Amino acid sequence: MAENATASGRTDLLDELTWRGMLHQVTDEKGLRAHLAGGVRKAYIGFDPTADSLTVGNLVQIMMLRHCQEAGLKPIVLCGGGTGLIGDPSGKSAERELQTEERVRHNVESQKRIFGRLLDFSDRPNGAVMVNNLDWLGKIGYIEMLRDVGKFFSINQMLQRDSVKNRLENREQGISYTEFSYVLLQAYDYLHLHRTAGVTLQMGGSDQWGNIVSGIDLIRREAVQRAGGAGAEDVRVDAFGLTTPLITKADGGKFGKSESGAVWLTADRTSPYAYYQFWLNASDADVGKFLRTFTLLGREQIEDLEKQQATSPGARPAQRGLAIAATDLLHGAAERQKAEAAAAALFSGDVRSLDAAMLGEVLAGVQTGTLARAALEAADGVAILDLIVQVGLVPSRGEGKTQLQAGAISINGQKVAMEHKVTAADVLHGTMILLRKGKKNWLRVNVG
């Protein structure tokens, strides 16, 4: 039996999250442990529809839902179609620009495709469910919200929240009544899901702690009111919260950024190749944490990879294990194998085997040059020495001669000699010629 497995074969959620370093705060750990042992429980996380995709930063929370499902809980994905029209001020130093209803609807629908890759939405008892808070927030009236929700919130306490206090201290920015009221909406989400679906656990990033606690407090206060005003100590409700720590990089850099920008969870934004490369480029200091957070590999597998890494750091076994497991999880083994094949082709120089789309991905960010198609169609073509100087692969003709004589220049992966003439036959996919100096210095010549 696995170290964190229960007698039923399922993992113990809190133990699993603890050893993976994914547990930051819990409202009542002892009470939650007892509660989780009592049957199939429901847990939810909300996702903000600020874009038509999600980034690897959001992946932490999706992995939390996956771990819940592995532990036998029923995960609830809450799409913020209602709250997205307002915007969460948590962690923001300035007022968000309000999105149109059409844009929020589009983003919600676009994000839905991601969750099916990581969660099981089947009809089994702990099959995942997706809900949209616009379905209930869009129906509640202003007077009803003030009477049934607002009366339970203390302005004094709300002013002490970091997301509010920091903005109030900055007089130039401030905070609007709209964003100030956001906490009421998220708290009402938890109350609604608790009443209508029996959800008893809300999770989120560490910046959501205040919102989560507010939701639990609203559930308790509403229960006290229904009990006829009895003291809070006499009313018990099953409502818990936990958060994950902020993911940081050991070098202080921002997590989730690559040279080309944010790393997204959809192939139209970040290709499987670029996604694979992102994880492959993890530092030695970060790879252990990333293996625990962003893969489903077990403790023994991860510790074995870390031992291999310590023995043979140059081979980067932990990074390769991370890239394989993370890419398989999101994009599938077939796409990961294509990414590996593309990387191998780029390393070996055998780029002729790659299609135009994959070439565009593997060569994203490399130096580029241009060449007129008419020059290639001339009787003698273009001398290779002239071309590599013209496009900047070498700084001078003298350097070019030296590199050619040393056999360090290749076209489309094939080494060429001084006398080579570049012709239309060297154009790949009708659009490009790929030059390489040595093993790593690629240059893409766009032919037009």
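Each peptide in 104-111, 418-425, 58-65, 77-84 receives the mean, over its residues, of other Cβ atoms within 10 Å, and ordering these scores from highest gives 77-84, 58-65, 104-111, 418-425. Phi angles of region 17-28 translate, via the Karplus equation with coefficients 6.51, -1.76, 1.60 and θ = phi - 60°, into HN-Hα couplings of 5, 5, 5, 7, x, 9, 10, 10, 9, 9, 5, 7 Hz per residue; Gly and Pro are given as x. Footprinting exposure proxy ranking of I140, I324, fewest other C-beta atoms within 10 angstrom first, gives I140, I324.
Under a Cβ-only charge scheme (Lys and Arg +1, Asp and Glu -1), can you give me the dipole magnitude of region 13-244 about the Cα centre, in debye to the nearest 20?
Values: 27 positive and 29 negative charges, 68 e Å.
For this selection, approximately 320 debye.
Note on D120 and D355: their simple-model spin labels are 3.2 nm apart, each label 7 Å out from Cα toward Cβ. Each of (1) 24.3; (2) 25.3; (3) 22.2 is a candidate for Kirkwood radius over Cα pairs in Å; the one calculated from this structure is (2). Rounded to the nearest 500, the 222 nm mean residue ellipticity of the chain from helices alone is -13000 deg cm²/dmol, with -39,500 (n - 2.57) taken per DSSP H run of at least 4 residues.
Just rank F255, F47, fewest to most, by other beta-carbon atoms within 10 angstrom. Intermediate values should be presented prior to the final figure.
Values: F255 16, F47 23.
Starting with the residue having the fewest Cβ neighbours, the order is F255, F47.
Near L376, once Lys and Arg are set to +1 and Asp and Glu to -1 for all other residues with Cβ below 11 Å from its Cβ, the sum equals -1. Name the aspartates and glutamates eligible as straight-distance cross-link partners of K338: C-alpha to C-alpha under 17 Å, and not fewer than 8 places from it in the same chain. Candidates past the 8-residue exclusion: D268, D328, D350, D355, E361. Shape analysis of region 100-154 places it in the oblate category; the axes a ≥ b ≥ c from the Cα gyration tensor give an a/c of at least 1.5, with a/b not above b/c. When +1 charges are put on Lys and Arg Cβ atoms and -1 charges on Asp and Glu Cβ atoms, the dipole computed for region 94-207 relative to its Cα centre reaches about 180 debye. Take every DSSP beta bridge whose two residues both sit in the chain; close to 50 percent of them are antiparallel.
Computed extension length for A267-T423: 52.7 nm, one decimal, from 0.36 nm per residue of separation with the Cα-Cα distance subtracted. Length available on full extension from R226 to A372: 0.36 nm per residue minus the Cα-Cα distance, which gives 44.7 nm. Amide H to amide H, with H built 1.01 Å from N, K74 comes under 5 Å of R41, K42, A43, counting only residues 5 or more places away or on other chains.
Taking loop as defined by DSSP and a crowding limit of 11 other beta carbons within 10 Å, which GluC sites (Glu not before Pro) in region 178-263 fit? Passing sites in region 178-263 are E259. Projecting the Cα atoms of S260, T244, G228 onto the dipole axis of region 197-276, where Lys and Arg carry +1 and Asp and Glu carry -1 at the beta carbon, places S260 farthest toward the positive end.
Rounded, prolate or oblate: pick one for region 34-155, where a ≥ b ≥ c are the square roots of the eigenvalues of its C-alpha gyration tensor, a/c under 1.5 means rounded, and failing that, prolate if a/b is larger than b/c, else oblate.
Details: a/c = 1.87, a/b = 1.32, b/c = 1.42.
It is oblate, given that a/c is not under 1.5 and a/b is not larger than b/c.
Any read-out appearing in this document is the output of simple, stated calculations on the displayed coordinates, not a laboratory observation. Predicted, not measured: the structure shown is a model, and the values here were computed from it. Because the Cβ atoms are built from the backbone with ideal geometry, glycine has one as well, and the counts that use them run over all protein chains shown.
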